[in-house]
Amino acid sequence: MAIPASRVLINDLENKEELYAVLQEELRKSGIKYRKEKSSKACNEKTKCKRIFKVPLHALELTDVMLASGGIVQIPLFVSNACQFILENVDMEGLFRKAGSTKRQQQIKAGLETGIPLGKTHHVIDVANIIKTFFRDLPEPLLPAGNVQEALIRCLLGGSDDKVDKLMMTCLLLPPITLNTLAYFMQFLQTVSKHAEKNRMTAENLAIILTPSIMPTTELVQQRFNSHVKVLQLLIENSQQIGLIPDAILYQLKDDGGGINVSTATNSVADKKKKKRRSGSLTRMFNGFKKMVSAIGSSENLDKTDEKCETDQTLVIGTPCLSKSAKKRKVAEGIAFSAKKKKEVTSLLPDNHDLLPCTPLVIK
């Protein structure tokens with residue numbers, strides 16, 4: 001299945017805290033409670049031990065691998081080497097199912113911890129069993145009991161597509177080294193299952209055999225074990241999505257030095273728009289002040305003109321006192337005369353030009 005170009009690998013995010021908050025909120029809406037635990041601090045090269053078995057993942061020697069999405073992640077070197085060795089003989093019938101030789105496996109494990117790499121003299125059935133032992137002997141399982149397992153099982157309660165989405169969101173809350181190893185190993189198992197015609201190992205068969213090593217249960221209840229198998233089978237079948245942020249979550253994040261909730265991003269956009277409106281409103285406010293000042297100035301001129309009209313006795317009563325601002329005023333009330341109406345009114349005026357402008361006209 002091709003990975004959409006828009007999908008983002010969780011490792012590409014610098015600050016994952018906002019992403020974890022959004023994931024937990026989305027899962028909580030579906031009734032899945034997941035309390036994110038603080039991951040163990042990664043050890044530096046000086047504290048890396050040469051042992052391989054019964055050692056925490058973060059204390060092992062790591063190597064870079066490429067996932068199906070094209071992302072580069074770090075996983076334990078032994079897991080990468082063992083998976084590559086098995087893929088060279090992937091058609092072998094009974095991979096992970098047949099027990100092999102316990103004696104040979106003990107010798108291979110001892111050699112690995114002394115620095116002897118896997119070679120052509122080693123049998124693929126033995127190597128497959130050793131990798132099962134590796135995961136089973138981890139101080140903490142890849143999918144540990146308690147908070148993680150309970151959340152994964154509750155993901156099975158939804159529809160087919162909904163189950164996968166919830167599983168992928170829950171896996172994103174795992175520690176980085178655990179998530180990377182899970183993604184790589186599940187993709188490896190999916191490749192093995194594609195050769196089921198020869199090796200007889202379908203995704204379901206692989207899930208049944210590897211569940212005790214990857215997602216062990218302490219309850220001796222068949223229904224509980226079946227739920228664990230179903231979780232692992234879905235992870236194998238949809239392994240290419242592990243570690244990728246779902247589109248629904250991407251919509252709620254804005255990559256600005258880390259994830260940001262969509263509501264926060266919307267608020268920030270709204271704030272920018274408000275600032276833009278504020279700058280426009282300031283301009284309009286200054287223009288308004290200018291109009292107010294000019295209006296005040298014109299009213300003062302009118303007042304002064306009125307005062308002049310009242311004090312100046314030489315003016316004839318009824319003579320209009322016009323100011324420059326008054327001349328510029330537009331007609332606020334009434335409708336201007338048309339040319340025809342103006343001609344009719346003019347014809348009624350007397351021919352005596354000695355009349356004052358305000359002399360009343362009496363029409364007989």
Pair list, Cβ under 6 Å, 6 or more apart: region 90-113 residue touching a residue at least 12 places away in the same chain (Cβ under 8 Å), other residue basic (Lys, Arg): Asp91/Lys198; Glu93/Arg200; Glu113/Arg51
Would you mind finding the one in Thr114, Thr170, Thr133, Thr121 that is β-branched (Val, Ile, Thr) and at pLDDT 95 or above? Thr133
Just checking, which of Gly100, Gly94 is open to solvent by less than 60 Å² (accessible area, probe 1.4 Å), modelled with pLDDT under 95 and within 43 Å of the chain's Cα centre (by Cα)? Gly94
The correct count of residues that are more than 42 Å from the chain's Cα centre (by Cα) and open to solvent by 20 Å² or more (accessible area, probe 1.4 Å) in region 118-137 is 5
Is it true that Asp165 is within 22 Å of Asp12 (Cα to Cα) and either touching a residue at least 12 places away in the same chain (Cβ under 8 Å) or within 33 Å of the chain's Cα centre (by Cα) (or both)? yes
Number of positions in region 38-65 that are within 18 Å of Leu174 (Cα to Cα), open to solvent by less than 100 Å² (accessible area, probe 1.4 Å) and at pLDDT below 75: 4
Count, please, the residues in region 75-87 that happen to be open to solvent by 10 Å² or more (accessible area, probe 1.4 Å) and within 16 Å of Ile52 (Cβ to Cβ). 6
Taking region 182-209 and keeping only residues that are within 22 Å of Met169 (Cα to Cα) and either touching a strand residue (DSSP E or B) at 6+ places or on another chain (Cβ under 8 Å) or touching a residue at least 40 places away in the same chain (Cβ under 8 Å) (or both), one is left with Leu182, Ala183, Tyr184, Phe185, Met186, Gln187, Phe188, Leu189, Gln190
On the given criteria, is Val124 of a type in the set (Val, Ile, Thr) and over 23 Å from Val90 (Cβ atoms)? no
Which residues, taken from region 62-79, are polar (S, T, N, Q) and within 16 Å of Gln190 (Cβ to Cβ)? Ser69
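The values are calculated or read from the model by the stated rules, or taken from the named source; none is laboratory data. For clarity, every value in this text was computed on a predicted model and none was experimentally measured. Neighbour counts run over all protein chains shown; Cβ positions are idealised from the backbone, glycine included. Ligands, DNA and RNA are excluded from the accessible area calculation, which covers all protein heavy atoms including side chains. Shrake-Rupley method; radii C 1.70, N 1.55, O 1.52, S 1.80 Å.
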